[in-house]
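Some notes on the structure that comes next.
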Amino acid sequence: LPSPGRRCESVMAASKPVEAAGGGGGGGTGTGLSRWQLALVLGAPILLGAGALYLWGRRAARRGGKGASERKTPEGRASPGPCGGGGGGQPDGPGHEEMSPLDRAQAAKNKGNKYFKAGKYEQAIQCYTEAISLCPPEKNLDLSTFYQNRAAAYEQLQKWTEVAQDCTKAVELNPKYVKALFRRAKAHEKLDNKKECLEDVTAVCILEAFQNQQSMLLADKVLKLLGKEKAKEKYKNREPLMPSPQFIKSYFSSFTDDIISQPLLKGEKSDEDKDKEGEASEVKENSGYLRAKQYMEEENYDKIISESTKEIEAKGKYMAEALLLRATFYLLIGNANAAKPDLDQVISMEDANVKLRANALIKRGSMYMQQQQPVLSTQDFNMAADIDPQNADVYHHRGQLKILLDQIEEAVEDFDECIRLRPDSALAQAQKCFALYRQAYTGNNPLPVQVAMKGFEDVIKKFPKCAEGYALYAQALTDQQQFGKADEMYDKCIDLEPDNATTYVHKGLLQLQWKQDLDKGLELISKAIEIDNKCDFAYETMGTIEVQRGNLDKAIEMFNKAINLAKSEMEMAHLYSLCDAAYAQTEVAKKYGLKPPTL
């Protein structure tokens, strides 16, 4: 989701899949923007596109796959040779008076193929059954073909249990029988056996070297379903987790008209008891909200929700502010269900400060987008613009929403309005450049790309202390294969924000793409975790790299750490998909001795 946070430090996750060239990792660029490139501007993890969850399939895909075309030889059709592909049996034509058992089996199979082609599936099944009974048991490949053909006929009759059973027999006889594995995967899908479906289709993907998008799409589909199921259960029972102080500060830094994040005014606090370490100073008014604000200044974030609640229950002077502050921290700990009633109440308080209501609308709109409700999200942003048209934050965050909705021209208009209201908004100017760059890059138009790159140069010259400008410019430079200069831009970011873990992750990914330097890349990502051990993006990235290295157990460990830190159910579903993909590979390796290519 377009987040009020920077780069990957958002409370919200992306609202829709983004087709990613190279699928992530440290791989190449293509016609689209990678997950990490978009994460910079959107401030959130982006779901990978179809097949990209199998990250180790990236290089095979670049060599040129079969695309989304159907498999050319339909299983079970009449053919001059052995049916089903991979059978390897004897020639079909029985031309001898004394036919061997195998010849008789082949003749029954050929008769079954004719019935199959005519749509007479029951008769075809009878013929394939006869072929199975006649075939010598030592003829494994022929026998596996007959079972696979009978499974194809059962498939036409939608007898999914029988399909799975026959395919299992075919695979037992010929463990690397792609057609049988894929047909069994489809049967398991129909039977809602998602785990078994995933294992079969994973084996198919590896055997086909990721050259057939039909199997890749099924893998992607079942991974998403599994991810959603697991995330729904896990998220419902998760323990709320406060993000790191760096994350929280980055989140609030993207708001300029947010009353609740402003420092306490003189007179709201006294000088008494300031030596009490870790506790808020006494405030002149007995206000839970003012105590919460003091805790916020001290980065004692765990006490903010409880102090805000005291103000709300007392119906105190700062009730509206307390509701918004509590809702914001509910969002930060990933509890959108608790945040929504507070946001609703602030929005409905017509006598409250308009800045509070607009801020609540921005946050509720972001929440709706994370829940994949773009219509409601757009309505909230538009309402915020109506009630507070001079609020730069509205246009800044709505611009990010428009990027997610692929409405680039409207996004640029919003960024322009934000800049008009706040000419010193370096963040909005940097993100406007990135929106223009993305539009030019995806359109394969060299001239606008050059203009956008010049725009980045202007932004970092005008705002030399804006880390976001350097970071976004680095992503564009990476696309343009200007790796050395991109590396310099990341160094500028680190100089300005040495405690920003996300920058180290991006710099680590650059080392992989630029120099294929795994050791340096992992060193930088490990540094990110050292800086912020709650940086889920670092754990996720580490996991994807370990998948590509073939270290599947380590990858699963990293993905599980990221899952426990996920800030939304959708982000958690995405991480479960990655974890399940890695786990399926370990199972396939045990069963069939198949391993994908590694870095």
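Where a number appears in this text, it was derived from the coordinates with a stated rule and is not lab data. Predicted model, so just to flag it, every value in this text is computed and none were measured. Please note: Cβ atoms are built from the backbone with ideal geometry, for glycine as well, and neighbour counts cover all protein chains shown.
Derived scalar couplings between HN and Hα for region 391-400 equal 8, 4, 4, 4, 6, 4, 6, 5, x, 5 Hz in order, rounded to whole Hz, by the Karplus curve 6.51 cos²θ - 1.76 cosθ + 1.60 (θ = phi - 60°), x for Gly and Pro. Relative contact order for region 101-237: 15 percent, from Cα pairs under 8 Å spaced at least 6 residues apart, divided by residue count. Among the trypsin sites (Lys or Arg not before Pro) in region 434-508, those placed in a DSSP loop whose Cβ has at most 15 other Cβ atoms within 10 Å are K465.
Normalised by 2.2 N^0.38 Å, where N counts its residues, the alpha-carbon radius of gyration of region 342-441 equals 1.06. Couplings for region 485-491, taken from phi via the Karplus curve 6.51 cos²θ - 1.76 cosθ + 1.60 with θ = phi - 60°, read 5, 4, 4, 4, 5, 5, 4 Hz in order; Gly and Pro are left as x. Protection proxy ranking, highest mean first, for peptides 321-327, 515-521: 321-327, 515-521, where packing is the per-residue count of other beta-carbon atoms within 10 Å, averaged. Under 5 Å between amide hydrogens, built in the peptide plane, is the criterion, and for K176 it picks out nothing among residues at least 5 positions away or on other chains. Label sites at Q373 and N286, each approximated as a point 7 angstrom past Cα along Cα to Cβ, lie 3.9 nm apart. Residues whose amide H lies under 5 Å from that of N391, counting only those 5 or more places away or on a different chain, are absent; hydrogens are built 1.01 Å from N in the peptide plane. Couplings for region 551-558, taken from phi via the Karplus curve 6.51 cos²θ - 1.76 cosθ + 1.60 with θ = phi - 60°, read 8, 5, 5, 5, 4, 4, 4, 5 Hz in order; Gly and Pro are left as x.
In straight-distance terms, cross-link reach from K230 covers every one of the lysines whose alpha-carbon lies under 16 Å from its own, apart from those fewer than eight places away in the same chain; here that gives K194, K195, K221, K561, K567. What the Cβ-Cβ distance of Q480 and D424 gives, at R0 = 35 Å and to the nearest 0.05, is a FRET efficiency of 0.75. Restricted to Cα atoms, region 132-210 shows a radius of gyration and a Dmax of 12.1, 37 angstrom. Net length available on complete extension from D458 to L405 is 16.4 nm, with 0.36 nm assigned per residue and the Cα-Cα distance removed. In this Cβ point-charge picture (+1 for Lys and Arg, -1 for Asp and Glu), region 101-237 has a dipole of about 440 debye about its Cα centre.
A cut-off of 5 Å between modelled amide H atoms, ignoring neighbours fewer than 5 places along the same chain, links A314 with no other residue.
Mind jotting down the distance between the C-alpha centroids of region 167-226 and region 300-376, whole Å? Result: 46 Å between the Cα centres. Both radii are taken from the alpha-carbon atoms of region 101-237; with Rh as the Kirkwood radius, Rg/Rh is 1.07. Dipole of region 101-237 computed with +1 at Lys/Arg Cβ and -1 at Asp/Glu Cβ about the Cα centre; of A151, A187, C167, farthest Cα towards the positive end is A187. Strictly over 18 Å apart at the Cα level, which of K402/K432; K315/K355; K236/K340; K117/K190; K159/K190 would you flag in this model? Violating the 18 Å Cα-Cα cut-off are K315/K355; K117/K190.
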